[in-house]
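Report on the following structure.
The values are calculated or read from the model by the stated rules, or taken from the named source; none is laboratory data. What you see is a predicted model; the values in this text were computed from it and never measured. Positions of Cβ are backbone-derived with ideal geometry, glycine not excepted, and every protein chain shown enters the neighbour counts.
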Amino acid sequence: MKARPSQEKDFTGSLDIVDLILHDHQPLKELIEVMKDDEATFREKKEAFLEFAPTLVAHAKPEEQTWYLKMKEGKDMVFEGLEGDVEHGLADQLCEELKRTTDEDLFMAKVKVLAEFVQHHIEEEEEEMLPEFRKKTSSEMRGELGQRYLQLQAEIEEMGSDDAPHERLMRLKSGVTTSDYRH
Ligand SMILES: [Fe+2]
Ligand SMILES: [Fe+2]
């Protein structure tokens, strides 16, 4: 399989699930910065959220079905897997609420809570859970999980074609190396 293209300096095209997850956190983190920025306008936050919601789904669902599932099947990280599921569920609920929120002030409040919540979730994954998982598993197994992650991601993005970031879907389907995330 061809290496996945990236504009991020530290991404090497690895299929290791840990590397893929770290890579996919990047666009979420950029959107979070806008969503929690007190200086950003309603319009800017709304635009960021509209990109954030499908990007989050395309990351969180495959993450649950690969990495979280593996943690829950093992012995040492069952609680972390369950905690991750619960946090994803709460983020989903907030996203759904936000899609229905028309009052601007309420939207601004909710979008900030969502941003800070997911930021904390990502920090926990990056600083604690992923390093621990990497230490406890073989690179072969993480590579298999990574392939599964990409497959699921492509399927999810295909199903939600109205919402999905289009360039990314095309890239995953074809393995082309000419486009990357929109910024
Ligand atoms: Fe997660
Ligand atoms: Fe994640």
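So how many residues does segment 144-172 have that are at pLDDT 95 or above and either touching a Ser or Thr at 6+ places or on another chain (Cβ under 8 Å) or among the hydrophobic types (A, V, I, L, M, F, W, C) (or both)?
6
Taking Phe117, is it in a helix (DSSP H, G or I) and touching a Leu at 6+ places or on another chain (Cβ under 8 Å)? Lay out the reasoning, then the answer.
On the way: in a helix (DSSP H, G or I): yes; touching a Leu at 6+ places or on another chain (Cβ under 8 Å): yes.
For Phe117, the condition - in a helix (DSSP H, G or I) and touching a Leu at 6+ places or on another chain (Cβ under 8 Å) - is met.
Within segment 69-86, how many residues turn out to be buried (at least 22 other Cβ atoms within 10 Å of the Cβ) and under 27 Å from Leu98 (Cβ atoms)?
Here is the first cut: in segment 69-86, the ones buried (at least 22 other Cβ atoms within 10 Å of the Cβ) are 71, 84.
Narrowing the set further to residues that are under 27 Å from Leu98 (Cβ atoms) leaves 84.
Result for segment 69-86: 1.
Quickly run through segment 30-58 and pick out the residues that are in contact with a Pro (Cβ under 9 Å, 6 or more places away or on another chain) and closer than 20 Å to Leu145 by Cβ.
Of all residues in segment 30-58, those in contact with a Pro (Cβ under 9 Å, 6 or more places away or on another chain) come to 51-52, 54-55, 58.
Across segment 30-58, the qualifying residue is only Ala58.
What are the residues in segment 60-110 that are of a type in the set (Gly, Ala, Ser) and either in contact with a Gly (Cβ under 9 Å, 6 or more places away or on another chain) or within 22 Å of Glu124 (Cβ to Cβ) (or both), if any? Full working, then the answer.
So in segment 60-110, the residues of a type in the set (Gly, Ala, Ser) come out as 60, 74, 81, 84, 89, 91, 109.
Across segment 60-110, the qualifying residues are Ala60, Gly74, Gly81, Gly84, Gly89, Ala91.
Search segment 14-64 for residues being of a type in the set (Lys, Arg) and within 14 Å of ligand 2 (Cβ to nearest atom), and hand back the single one that is surrounded by the most Cβ atoms within 10 Å (Cβ to Cβ). Working first, answer last.
Of the residues in segment 14-64, the ones of a type in the set (Lys, Arg) are 29, 36, 43, 45-46, 61.
If we keep only those that are within 14 Å of ligand 2 (Cβ to nearest atom) as well, we get 29, 61.
Working: Lys29: 14, Lys61: 19.
Restricting to residues being of a type in the set (Lys, Arg) and within 14 Å of ligand 2 (Cβ to nearest atom), the top hit is Lys61.
May I ask you to list the residues in segment 15-50 that are over 13 Å from Lys112 (Cα atoms) and in a loop (DSSP other than H, G, I, E, B)?
Leu15, Asp16, listed by residue number.
Residues of segment 54-94 being acidic (Asp, Glu), more than 12 Å from ligand 1 (Cβ to nearest atom) and touching a residue at least 24 places away in the same chain (Cβ under 8 Å), which ones?
Asp76
Would you mind finding the one in Phe133, Phe107 that is more than 12 Å from ligand 2 (Cβ to nearest atom), assigned to a helix (DSSP H, G or I) and aromatic (Phe, Trp, Tyr)?
Values: Phe133 fails: more than 12 Å from ligand 2 (Cβ to nearest atom).
Answer to the check: Phe107.
Mind checking which residues of segment 21-53 are more than 10 Å from the chain's Cα centre (by Cα) and within 16 Å of ligand 1 (Cβ to nearest atom)?
Kept after step one, since they are more than 10 Å from the chain's Cα centre (by Cα), are these residues of segment 21-53: 30-51.
Across segment 21-53, the qualifying residues are Leu31, Ile32.
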